Amino acid sequence: MTAPALTIRMKKAPDGSVAMSCTRADGTVTWQRQDPAKAQFFVRHDLTHYALETVLGHRRGFYGLVAEGWDFTDFGSPWPRGPIPADADPSELWVGFLDAEYAGRGTGDGSDPVELTAADLNAQAAAFYAHHRFPNPPSITDEQLGRIRAELTDLLTRWQALPPGEVLELRFDPRPPSVSSDALSTRRSGRRGSGR
């Protein structure tokens, strides 16, 4: 079996912090530790990236760029590699919308949380692209969105069940789906970088 382009490991520490590493096919590694105050957001954010990029087949989203050699610190100020490439997949845009949707829950007003539909996400993407004068805004279907939500729910359930000291391991392969690996188990709206 060919090694995946990226092996993602998230280790849950007893104090609530999380250590995350990404090992590339060539053996190089990028890693970071999130303190307990930031870990809850970034675990969900990073697993949302994984769910979205695998379901949509994004080959040059966050994890694809990491597989190409980007380090966690390359995704934040002072942007050592420069901005995310123009030909990168729009993963960060979609994940940002889903992060904002989740952050809007539990507002305390007694209302039920409202999940965005594909039409909502497509309208937000079109507005973002028009505002920045980017051509060809991306689109997503309700079926794809449902699969992303189901995958994310599964990943979060597995993470919650993971005892402290254990590791959630995922494989990511940005090659075409016909040759990609299956996921195994045992980030520009959320800027990364050393302050992450």
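The values are calculated or read from the model by the stated rules, or taken from the named source; none is laboratory data. Quantities reported herein were computed from a predicted structural model and do not represent experimental measurements. Here the Cβ positions follow ideal geometry from the backbone for every residue, glycine too, while neighbour counts run over all protein chains shown.
Tabulated data
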read-out	value
Residue selected from segment 1-31 under the condition at pLDDT below 95 and surrounded by 15 or more Cβ atoms within 10 Å (Cβ to Cβ), by the criterion farthest from residue 174 (Cα to Cα)	4
Strands (runs of 3 or more DSSP E) wholly inside segment 1-118 containing at least 3 residues that are among the aliphatic types (A, V, I, L, M)	6-12, 18-24
Matching residues in segment 114-148 - criterion: being closer than 22 Å to residue 43 by Cβ and in contact with an Asp or Glu (Cβ under 8 Å, 6 or more places away or on another chain)	115, 116
Condition check for residue 115: of a type in the set (Asp, Glu), surrounded by 15 or more Cβ atoms within 10 Å (Cβ to Cβ) and modelled with pLDDT under 95	no
Pair list, Cβ under 6 Å, 6 or more apart: segment 126-141 residue assigned to a helix (DSSP H, G or I), other residue surrounded by 13 or more Cβ atoms within 10 Å (Cβ to Cβ)	126/137; 129/137
Identity of the residue in segment 63-87, touching a strand residue (DSSP E or B) at 6+ places or on another chain (Cβ under 6 Å) and hydrophobic (A, V, I, L, M, F, W, C), that ends up surrounded by the most Cβ atoms within 10 Å (Cβ to Cβ)	66
So residue 186, is it part of a loop (DSSP other than H, G, I, E, B), of a type in the set (Val, Ile, Thr), modelled with pLDDT under 60 and within 21 Å of residue 63 (Cβ to Cβ)	yes
Neighbours by Cβ (under 9 Å, 6+ apart or cross-chain): first from segment 145-157, of a type in the set (S, T, N, Q); second part of a helix (DSSP H, G or I)	153/51
